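Asker: Here you go, one structure.
Since every read-out is calculated from the coordinates, none of them should be taken as a lab result. In this text, all values refer to a predicted model and were calculated from it rather than measured experimentally. Cβ placement follows ideal geometry from the backbone for every residue including glycine, while neighbour counts extend to all protein chains displayed.
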Amino acid sequence: SSPLTIAIDGYSACGKSTLARALARRLGYSYIDTGAMYRAVTLHLQRDEVNLEDDAAVTEALRQITIAFRPEDNHVLLNGEDVEHQIRGLSVSKMVSQVAALSKVRRAMVEQQRRMGADGGVILDGRDIGTVVFPDADLKLFVTADLETRIDRRLSELLADGQEVQREEVAANLEERDYIDSHRADSPLRMADDAVLLDNTHLGLEELVERGEELVQQLR
Ligand code: C5P
């Protein structure tokens with residue numbers, strides 16, 4: 001059967017990247033974490049102290065960066081540097097939604113995502129994959145989970161990573177990002193009309209992956 005293009009969208013920390021990674025492994029597909037790309041751009045802009053309202057400076061910054069994924073472990077590379085750890089911190093999380101709301105940034109990322117996924121056999125996760133990046137994807141999943149579940153998940157990830165964060169801080173960041181991501185003018189987060197809704201609140205991650213696999217099998 002020909003290689004599929006699978007789009008996974010949803011709110012912050014809803015389990016979509018775990019689902020995407022597990023499905024990609026089982027299908028032998030590549031996995032593109034588009035959130036990591038916006039996070040890498042944000043890290044670069046922070047390091048260079050670029051004013052987000054300075055259009056020319058943002059354009060110049062975008063020209064200077066190359067984002068790639070290291071095949072062995074899928075770590076994101078910013079101009080060849082492994083920044084996987086830095087992009088997961090709260091400092092980047094607090095600014096990424098403002099950066100991702102800039103059309104100029106989105107245009108560059110979407111173009112690269114389409115190129116990377118052009119041959120199929122790929123799973124992308126993000127906020128606008130099924131609506132904008134690959135509106136003709138073979139399978140679209142939209143993952144949700146209630147806010148408390150998502151806060152718990154993200155908090156334990158950050159603590160396991162050795163970061164010193166408070167629950168309230170994580171909660172505020174998830175709520176703020178979800179708000180900005182779903183209210184921006186360019187490519188707001190929304191479920192595509194033809195997406196399948198998966199709720200990770202009561203469905204464990206293992207069941208989520210099984211459900212995803214079933215949906216893939218039905219296409220074959
Ligand atoms: O998926 P993750 O939570 O790492 O994404 C970080 C941020 O990147 C999101 O909150 C959103 O602002 C932005 N993003 C986006 N479009 C995507 C993926 C992520 O705007 N396709």
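Asker: For R39, all conditions in the list (1) in contact (Cβ under 8 Å) with a residue 60 or more places away in the chain; (2) basic (K, R); (3) buried (at least 18 other Cβ atoms within 10 Å of the Cβ) hold save one; what is the number of the exception?
Answerer: In the conditions (1) in contact (Cβ under 8 Å) with a residue 60 or more places away in the chain; (2) basic (K, R); (3) buried (at least 18 other Cβ atoms within 10 Å of the Cβ), R39 misses (1) alone.
Asker: Mind checking whether some residue in the range 97-108 is more than 20 Å from T131 (Cα to Cα) and of a type in the set (D, E, K, R)?
Answerer: No, because not a single residue in the range 97-108 is more than 20 Å from T131 (Cα to Cα) and of a type in the set (D, E, K, R).
Asker: Give the range 149-192 a look and list any residue that's crowded, with 17+ Cβ neighbours inside 10 Å and on the phi > 0 side of the Ramachandran plot, or say none.
Answerer: Across the range 149-192, the qualifying residue is only S187.
Asker: Now for a different question. Just one of the numbered conditions (1) hydroxyl-bearing (S, T, Y); (2) farther than 27 Å from E175 by Cβ; (3) under 15 Å from the mean Cα position of the chain (by Cα) is not true of S97; which one?
Answerer: In the conditions (1) hydroxyl-bearing (S, T, Y); (2) farther than 27 Å from E175 by Cβ; (3) under 15 Å from the mean Cα position of the chain (by Cα), S97 misses (2) alone.
Asker: Can you tell me which residue within the range 27-42, out of those that are touching a Gly at 6+ places or on another chain (Cβ under 9 Å) and assigned to a helix (DSSP H, G or I), is nearest to T66 (Cα to Cα)?
Answerer: Filtering the range 27-42 for residues that are touching a Gly at 6+ places or on another chain (Cβ under 9 Å) and assigned to a helix (DSSP H, G or I), the one nearest to T66 (Cα to Cα) comes out as M37.
Asker: Out of everything in the range 137-146 that is of a type in the set (A, V, I, L, M, F, W, C) and in a strand (DSSP E or B), what residue ends up being nearest to the ligand (Cβ to nearest atom)?
Answerer: V143
Asker: So, one more: Identify, please: which residue in the range 95-136 is assigned to a loop (DSSP other than H, G, I, E, B) and in contact with a helix residue (DSSP H, G or I) (Cβ under 6 Å, 6 or more places away or on another chain) and is, among those, nearest to the ligand (Cβ to nearest atom)?
Answerer: Here the answer is R127.
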